[in-house]
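Since the structure comes first, as structure tokens, the remarks are kept for the end.
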Amino acid sequence: NAGVTQTPKFRVLKTGQSMTLLCAQDMNHEYMYWYRQDPGMGLRLIHYSVGEGTTAKGEVPDGYNVSRLKKQNFLLGLESAAPSQTSVYFCASSQVPGLGLQYFGPGTRLTVL
Amino acid sequence: AQSVSQHNHHVILSEAASLELGCNYSYGGTVNLFWYVQYPGQHLQLLLKYFSGDPLVKGIKGFEAEFIKSKFSFNLRKPSVQWSDTAEYFCAVNALGNNDMRFGAGTRLTVKP
């Protein structure tokens, strides 16, 4: 049981490049989330999904897109990376969001030059 | 939308000192409340949670938190901290009926041996 995994762990992009971050969970959770963590700002919700084929915007969705084609995977895309998107990205999953049993992935450190 | 405020950005204590980290949220309805901990180099882990009932909840590693509804607060406490408690602590709120969870900016705790 791997829990929540994220790929890649590190990435450096140039401004304007695109990339996709992959989150995978093997717990059959319905809910999945993408957060970014920045110093002094904690975790901010980018997008989330309440089930396969559904997505919703969080606090800071601009510049990101997501897809949940399979229940176990939640992809976060940056179409045209900007330096302001330099951050650590965490994926999380939960069976029921109100129970707070969000399982977090190890994070992806992204630097945009 | 709900928001979470953590007033202490960085707290420095000596071992055996008592700890209290403040957390206030802004939401008038029913909420579920959580504290998460992030040890250096690791991802977030759930420390404790409050759903209903006794407003004083106990978590792992000797931590506890008290929900004071009239003050919209959920402060984290520990009577005697250890060097191993050095970490970043995040308060989080889930409003009943909402699918997302909002985090505070975090409080970095440094415990000096």
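All of the numbers you see were taken from the coordinates with simple rules; none came from a lab. Everything numeric in this text was worked out from a predicted model, so none of it was measured. A quick note on method: Cβ atoms are made from the backbone with ideal geometry, for glycine too, and the neighbour counts reach across all protein chains shown.
Quick notes
- Qualifying aspartates and glutamates (Cα of each under 19 Å from Cα of B:LYS61; at least 8 residues distant if same chain): B:GLU15, B:GLU20, B:ASP85, B:GLU88
- Neighbour counting of Cβ atoms within 10 Å sorts the residues A:VAL12, A:VAL112, B:VAL11, fewest neighbours leading, into A:VAL12, B:VAL11, A:VAL112.
- Shielding by partners for peptide B:95-104, expressed as the average number of C-beta atoms from other protein chains within 10 Å of each residue's C-beta, is 6.
- Euclidean distance between Cα centres, the stretch B:1-57 to the stretch A:16-57, Å: 22 Å
- The order of B:TRP35, B:TRP83, A:TRP34, going from fewest to most other C-beta atoms within 10 Å of their C-beta, is B:TRP83, B:TRP35, A:TRP34.
- Backbone amide hydrogens, once placed in the peptide plane, bring B:GLY106 within less than 5 Å of B:GLN6, B:CYS91, excluding anything fewer than 5 places away on its chain.
- Rounded to the nearest Hz, the phi-derived 3J(HN,Hα) couplings of the stretch B:67-80 under the Karplus curve 6.51 cos²θ - 1.76 cosθ + 1.60 (θ = phi - 60°) are 8, 10, 4, 5, 9, 6, 10, 8, 7, 9, 9, 8, x, 8, where x marks glycine and proline.
- Considering only beta bridges that DSSP places wholly inside the protein assembly as shown, some 90 percent are antiparallel.
- Out-of-range pairs (alpha-carbon distance over 22 Å; input B:LYS78/B:LYS112; A:LYS14/A:LYS57; B:LYS49/B:LYS71; B:LYS49/B:LYS69): A:LYS14/A:LYS57
- Near-label residues of the stretch B:81-113 by backbone N, under 17 Å of a point 7 Å along Cα→Cβ of B:SER52: B:94-98
- Near the amide H of A:THR86, within less than 5 Å, lie the amide hydrogens of A:VAL112, all on another chain or at least 5 residues away, with H placed in the peptide plane.
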